[in-house]
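What follows is a short report on a single structure.
The values are calculated or read from the model by the stated rules, or taken from the named source; none is laboratory data. Since this is a predicted model, take the numbers as computed values, not measurements. We place every Cβ from the backbone using ideal geometry, glycine too, and count neighbours over all the protein chains shown. Please note that ligands, DNA and RNA were not included when accessible areas were found on the heavy atoms of the full protein model with its side chains. Shrake-Rupley method; radii C 1.70, N 1.55, O 1.52, S 1.80 Å.
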Amino acid sequence: MNGYLDIKPEVREALEAGRPVVALESTILSHGMPWPENLDFAARVEEVVRAEGAVPATMAIMGGKLKVGLSQADLEVMCRAEGVGKVSRRDVPVYLATGKNGATTVATTMLIAAQAGVRVFATGGIGGVHRHGEVTMDISADLQELAHTSVAVICAGAKQILDIGRTLEYLETMGVPVIGVGTDEFPAFYCRRSGHKLDYAAKDAAEIAAILKAKWQLGLEGGVLIANPIQEEHGLDFKYMEGIIDTALRAADEAGVHGKDITPFLLAKVKELTGGESFKSNVELALNNARVAARIAVEYAKA
Ligand code: PSU
Ligand code: MN
């Protein structure tokens with residue numbers, strides 16, 4: 001156990017007893033959803049995990065510690081998001097040393113989960129290769145984390161703000177299995193389909209748990225990406241979203257936004273352009289991912 005880890009007692013007990021735990025990220029709270037709806041979401045997502053028989057562990061960096069599981073007061077600080085930064089892998093040492101509060105991205109949540117011994121993590125969408133990434137080299141650190149850190153990430157695919165084809169190519173090069181949940185197509189967050197095929201459609205949580213076990217028992221380190229499409233009734237139209245995203249990308253270009261600010265900028269722009277509609281879908285898909293993640297964690301704990 002490293003001295004930077006601060007594991008909530010409930011999570012520690014579950015880990016020690018080999019009971020299922022599901023990691024959750026905090027960037028989705030601090031930088032992905034508005035106050036106070038994010039606090040309501042934070043409570044609901046933890047409830048969904050508990051209802052399936054697993055223990056939720058929301059990750060963040062607070063007071064110089066890697067927090068594994070947040071109290072209600074901690075969740076409120078992350079949701080109010082005053083002075084809360086967005087922390088990817090490169091930012092971790094700075095936040096630990098300075099005591100600044102940081103919301104964890106997919107990369108950082110995976111990193112903390114692995115250190116604490118949590119193997120399953122539910123999020124909304126992952127970062128990836130940005131459009132024109134072959135020129136800008138803007139590739140999310142999430143992909144390198146998936147390459148090296150042994151945590152399963154349950155997501156609803158990736159938003160069309162990214163170059164989904166190149167994101168999948170990158171994952172293939174890095175040896176990251178991408179498994180569809182009841183689908184052989186990689187989903188595009190708000191949309192059930194992206195036009196990009198997957199090789200594996202898992203039949204249930206037990207099969208996914210068996211895949212995780214086979215990979216890690218063999219010593220094949222690194223993550224597994226589980227792609228769980230948004231529920232039919234909450235999905236948005238692909239063509240409609242293409243239009244929204246083109247407008248958001250143009251706005252980013254005109255505003256000269258780049259680097260770590262581009263993802264939050266595009267997410268905020270998409271939200272603004274779709275009105276409240278995309279927010280509801282976002283909440284539903286994230287809850288759905290937490291449910292599937294908890295089922296996988298339960299099966300993995302049995303295996
Ligand atoms: N994509 C989304 N919603 C999000 C993010 C990405 O649809 O909230 C967040 C996640 O925390 C992800 C991070 O890990 O943005 C990626 O940021 P970057 O592209 O700067 O690595
Ligand atoms: Mn980037």
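Residue-wise HN-Hα couplings along segment 24-37, as the Karplus relation 6.51 cos²θ - 1.76 cosθ + 1.60 with θ = phi - 60° gives them from phi, are 10, 9, 10, 5, 4, 7, 6, 10, x, 9, x, 6, x, 4 Hz; Gly and Pro carry x. Backbone N atoms of segment 198-226 closer than 19 Å to the 7 Å Cα→Cβ label point of residue 169 belong to residues 198-199. Of the residues 62, 9, 273, the one whose Cα sits farthest toward the positive end of the charge dipole of the chain, with +1 on the Cβ of Lys and Arg and -1 on the Cβ of Asp and Glu, is 9. Taking each residue as 0.36 nm, the span from residue 231 to residue 51 lengthens on full extension beyond its C-alpha to C-alpha distance by 62.9 nm. Quick one: with all protein chains in place, what share of the accessible area of the chain is carbon or sulfur, to the nearest percent (1.4 Å probe)? Result for the chain: 52 percent of the exposed heavy-atom area is carbon or sulfur. From helices alone, the chain scores -14500 deg cm²/dmol at 222 nm; the rule is -39500 (n - 2.57) for each run of n ≥ 4 DSSP H residues, then divide by the residue total.
Only the Cβ atoms of Lys and Arg (+1) and of Asp and Glu (-1) were treated as charged; on that basis the dipole of the chain about its Cα centre amounts to roughly 540 debye. Remark: the chain carries 42 Å² of accessible area per residue (probe radius 1.4 Å; ligands, DNA and RNA excluded). Using a probe of 1.4 Å, the accessible surface attributed to residue 302 totals some 150 Å² when neighbouring protein chains are kept in position. Computed from the Kirkwood radius of its Cα pairs, the Stokes-Einstein diffusion coefficient for the chain at 25 °C and 0.890 mPa s stands at 130 µm²/s. By the compact-protein rule of thumb, 2.2 N^0.38 Å, the alpha-carbon radius of gyration of segment 1-56 corresponds to a ratio of 1.28.
Here the extension length gained between residue 255 and residue 132 equals 42.6 nm, from 0.36 nm per residue of separation less the Cα-Cα distance.
Backbone phi angles across segment 77-87, fed through the Karplus curve with coefficients 6.51, -1.76 and 1.60 (θ = phi - 60°), yield HN-Hα couplings of 4, 5, 6, 5, 6, 6, x, 8, x, 9, 10 Hz in residue order; Gly and Pro are listed as x.
Shown in residue order for segment 164-178 are the 3J(HN,Hα) couplings computed by the Karplus curve 6.51 cos²θ - 1.76 cosθ + 1.60 at θ = phi - 60°: 5, x, 5, 4, 5, 4, 4, 4, 5, 4, 7, x, 9, x, 10 Hz (x for Gly and Pro).
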